[in-house]
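In what follows, a structure is listed as structure tokens, so that the remarks can point back to it.
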Amino acid sequence: MTLYEFLGTIEIGFIFGIVALGAFLSFRVLDFPDLTVEGSFPLGAAVTAVAIVNWGLTPWPATAVGALAGFVAGLVTAFLNVRYSILHILAGILVSIALYSINLRIMGGPNKPLLGVQTVFTLLQDHGLPSYIVDPILLGCLVILLKLAIDLFLATGVGTGMRAAGANPVMAAANGIDVGRMKLLGIGLANALTAFAGALFAQLFGAADAYMGIGVVIIGLASVIVGMAILPARTIAQATIACLVGAMLYRFAVALALNADFLGLQASDVQVVTAALVALALISRSRGSIARLLTRKSAP
């Protein structure tokens, strides 16, 4: 792996670390398997690209608009589940399918190039700093700020209510917590984070594409599972760190697998590698749980 490949892997790892934080909110905090992210990731990219190219917005406001669009997509999914009792997985699939056509309509085609326009990355590159140094530093700072913001939010009264709604919705409702409202807010925030990551991804690689969300839900889930299987997650701060570490380890595992000549893998095999890594993480976690259970039963 060359230096540029190493730095590129770090950049993508940071971006999917943001996706992992969103997956942590939906899968772990709210216990809500959300497939909307397959559509909200390219939605954030599409809205941001159009906002920069067609609307003339500067990069940061355009990125904020893209994240807001993801929040709305998450609200729709949660609303279908809360108001009409549609199964969360099915609600996410419905919204994700609809977002595919919406993204095509927003961009006016399957993709929207960002070449020759200012992005959040070129703003710093204009000061003479090389992109291979600027991009990882900027993404790393954003990831740290988002991680700290989530830690602080989940420690507030609203955040504690959201955690209670995910852990035991019946008990939470009995204690006066509006579980439906917590779902609306939490799934909206999770998809806002995913759309924000999609907006950064598009600006980093110079284009938004309607197909760029394929496999994002697996990437987020893999990052959460791998990170929490390796690092302790007894507190919220530890859990969010584990998600970020898992995202980075996942990207490096994929990069090493694709660069291993003896495996004969190609860039198009990335989804196969992703599925294999998630399966291995789940199997190892399941065996660990069984081993702990057997140890407890055999203890005197």
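FYI, it's all coordinate maths here, none of it is from the lab. From a predicted model like this one, the values you see are computed outputs, not experimental measurements. Here Cβ is always computed from backbone atoms with ideal geometry, including for glycine, and neighbour counts include all displayed protein chains.
Computed about its Cα centre, the charge dipole of the range 3-213 is approximately 520 debye, with only Lys, Arg, Asp and Glu carrying charge at their Cβ. For the chain, taking Cα atoms only, Rg and Dmax work out to 19.5, 70 Å respectively. If I stretch the segment between ALA173 and GLN125 completely, what's the gain in nm (0.36 nm per residue apart, minus their alpha carbon distance), one decimal? Contour length minus the Cα-Cα distance gives 12.2 nm.
Taking a ≥ b ≥ c as the square roots of the eigenvalues of the alpha-carbon gyration tensor, the range 161-255 is classed oblate because a/c is 1.5 or more while a/b is no larger than b/c. Amide H contacts under 5 Å for ALA207: LEU114, restricted to partners 5 or more places along the chain or on a different chain, H placed in the peptide plane at 1.01 Å from N.
Using a simple spin-label model with pseudo-atoms 7 Å out from Cα toward Cβ, ILE283 and ALA149 lie 3.9 nm apart. Projected onto the charge dipole of the chain (+1 at Lys/Arg Cβ, -1 at Asp/Glu Cβ, origin at the Cα centre), which of ALA279, MET248, LEU258 gives the Cα projection farthest towards the positive end? Of the candidates, ALA279 comes out farthest on the positive side. The distance separating the Cα centre of the range 89-160 from that of the range 30-48 comes to 11 Å. Span-like helix check, the chain: qualifying full DSSP H segments, with Cα axial length of 18 Å or more and mean Kyte-Doolittle of 1.0 or more, are 3-23, 37-53, 59-84, 88-107, 131-154, 179-205, 216-230, 236-259.
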